1. If only one of 266, 256 is within 20 Å of the chain's Cα centre (by Cα) and either at pLDDT 95 or above or surrounded by fewer than 14 Cβ atoms within 10 Å (Cβ to Cβ) (or both), which one is it?
2. Is it the case that residue 200 is in contact (Cβ under 8 Å) with a residue 12 or more places away in the chain, over 14 Å from residue 218 (Cα atoms) and within 18 Å of the chain's Cα centre (by Cα)?
3. State whether one or more residues within region 342-351 are under 17 Å from residue 225 (Cα atoms) and not polar (S, T, N, Q).
4. Could you check region 83-97 and list, in sequence order, the residues that are touching a residue at least 12 places away in the same chain (Cβ under 8 Å) and surrounded by 15 or more Cβ atoms within 10 Å (Cβ to Cβ)?
5. How many residues does region 250-272 contain that are within 20 Å of residue 317 (Cα to Cα) and more than 16 Å from the ligand (Cβ to nearest atom)?
6. Determine whether residue 70 is acidic (Asp, Glu), surrounded by fewer than 15 Cβ atoms within 10 Å (Cβ to Cβ) and free of Cβ contacts under 8 Å to residues at least 12 places away in the same chain.
7. Just give me the residues in region 306-324 being closer than 16 Å to residue 138 by Cβ and buried (at least 17 other Cβ atoms within 10 Å of the Cβ), in sequence order.
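The values are calculated or read from the model by the stated rules, or taken from the named source; none is laboratory data. Please read all numbers here as calculations on a predicted model, not as lab measurements. Glycine also receives a Cβ, built like all others from the backbone with ideal geometry; neighbour counts cover every protein chain displayed.
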Amino acid sequence: MRNDELNRYRGKPICDMHIHPHVQMPVDETVEVIRSVMEYFHDERIVLESLPSYDVINNFTTLYCKSKLDGVYAGLGLLHRFDGSDTAESYLAQAESLFRMGCDGFKMLEGKPDYRKRLEKPLDDRVFDRFYGFAEEKGLPVVMHVGDPREFWDADRIPRWALERGWLYDDSFVPFRDGHREVEGVLRKFPKLKLVLAHFFFVSDDLSYAEWIMNEWDGVCFDLTPGSEMYFNFSERIDDWCGFFRRYADRILFGSDIYNWRRGDSSMEERYAHAVNLTRSFLEKKGPFLNRWQNVEMKNAFGFCGEVLDKICHDNFIRVFGEERRAADDEYIAFCAAGFGRDRDLSEEQTANLKKIADWFGR
Ligand SMILES: [Zn+2]
């Protein structure tokens, strides 16, 4: 049984704009994981958001999955050398190259506090201007992760799992509010940029700011990918947030943050469904429901139906990422993949994957 049948969600196919293929494994295994996830969750279309900061060949892995599977869009990411060779020209050249390879949008993890610290420049630094300008001009969406839940800056409030992953942010990290200012800086320079702020921009505890940024810039969307904290925050002010969701139903997108994890002996439901179930239950169920991920009873839920659900779970994806996927220049991808390892230290597995990808696109 599929996830929607098992949990009695609406049976219409959905679109998930936030899945990652960065867990390193043979690339055909990644394709099979993604294929099984799309079937199980009744995904008509997904965006694979590449994370080259975790796996340097991830843009190629993403393009390979797109080439192998219907309905897969490619959200590709910039590579940084963290030295003087990272220039406005080099970022523009990367964007143009990814465009030619058939990217359907860009993914930026650069605003996540640990990454942002390593980058040593704000997201609205002039060095990124030509990149944003390119995305704006081509109408390509940028899916951006900025910040983290506010409690990660507070030793008394941070959840244990986040603490264990090293995500307690002290003074050496950019403060929570500065992430907002940097995004506002980007939008002031590129007001027509299609910017999808991942994880609801971590503002589910600040309705007036969420409202302000939506009003200020038409091109801004939020995604609903947990950050499970957002659902507890929505639940606290259910009527206010319900109104917000109805007002901005055109600009909120469903996402799951599923990775290409190996399933092992677990069922599809056990391995992949926690975030989908929380999000879909909150959107679709009426009253209190059991959040099986955190094993707590959620007091409230939105209980949307009809048009609002259609938009959030399907139509907005099409409007933002396109009805058709962009065409890829296969020969060019083969050429880039074949040359990519030349000045990089790659693992055996990465090298084997790149070869497989280069051969596939050069066939
Ligand atoms: Zn993510």
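1. None of the others qualify; the one that does is 256.
2. yes
3. no
4. 86, 88, 91, 92, 94, 95, 97
5. Matching residues across region 250-272 total 3.
6. yes
7. 320, 321
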